[in-house]
Amino acid sequence: MKCEECHEYIDAYIDNELDVSATILVEQHLRECGKCRQLLEARKMVVTLLSDPQVRFELPDSLPGKVRSVLPSARPRLRQRSGSRFVVPRFFVPFALAAAIAVILGLVLMNQRGIFNRSNSDLLAQEAISSHVRSLLAAHLLDVPSTDQHTVKPWFDGKLKFSPPVQDFANEGFRLIGGRLDFLNGLDVAALVYQRRKHVINLFIWPSESLQNTAAKTFTKDGYNVVYWNRDGFEFWAVSDVNGVELNTFADLEMQKS
Ligand SMILES: [Zn+2]
């Protein structure tokens, strides 16, 4: 896939509207192309903004004065054409520009204040659910099928830029059945696969930007549960159709065993 094709698909990719084969092609390209990964992040930010009903833009009180100060002193005149249509006065062009700049400034400020963080997490949780579903649909659940953590952990050596922590919780009813490489949050990530009765749990792991440990947070959609937390410099995102209580138990086990 080339960049232009990737650009065409990227919105559908974010909205999970692509079929499995197109998704795989887009992800392959994103893995290799930093520019398209940047585009993906930028688009996600816009999607996040548009989907947040709490977001409102308030223009600063000083803005109208600033706009007037750069306008020519002559009053804008509406000239009538031969028909009854009016020509848009020049006044509106700088005002639209100023409004656009205000919106962009607002976006930057809100991002700095972390207003995007919660809904970014929701987007990432939805992406994690998609990866979980795809892993089950595409019959590509396991690259390394093994119940032995000492087989699964070294399998990632050389395939990722980090070594994910791998633990088995068979005694607690969450049996490690293997791992695979996956792609999430614009990164190559480790996916550990656990079995809970007849349910599959995908545990996605990648290095965290923060070294702080965090308590588990949850997200639920379409019958899937997501629990995510930070521990020892890694992000953990567990996804399953198993019920929320059991998935939280799984998360507690992972957090405690370290
Ligand atoms: Zn590209």
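Can you list the residues, at least 5 places off or on another chain, whose amide H is less than 5 Å from the amide H of Leu184, using H built in the peptide plane?
Those qualifying (amide H under 5 Å, at least 5 residues apart or on another chain) are Val189.
Between beta-carbons, use under 12 Å as the cut-off and find the net charge around Cys6, counting Lys and Arg +1, Asp and Glu -1.
That works out to -1.
With unit charges on the beta carbons (Lys and Arg positive, Asp and Glu negative) and the dipole taken about the Cα centre of the range 3-51, which residue among Val20, Ile10, Cys33 sits farthest to the positive side?
Cys33
Please give the net charge around Val20, taking every other residue with its beta carbon less than 11 angstrom from that of Val20, where Lys and Arg add +1 and Asp and Glu add -1.
My count for the surroundings of Val20 gives -1.
Give a residue-ordered list of calculated ³J(HN,Hα) values for the range 22-38 (Karplus: 6.51 cos²θ - 1.76 cosθ + 1.60, θ = phi - 60°; whole Hz; x for Gly, Pro).
For the range 22-38, the Karplus curve yields 5, 4, 4, 4, 4, 5, 4, 5, 4, 5, 9, 10, x, 4, 5, 5, 4 Hz.
Quick note: the coordinates plus some simple rules give every number you see, no bench work behind them. These numbers were taken from a predicted model, which means no experiment stands behind them. A quick note on method: Cβ atoms are made from the backbone with ideal geometry, for glycine too, and the neighbour counts reach across all protein chains shown.
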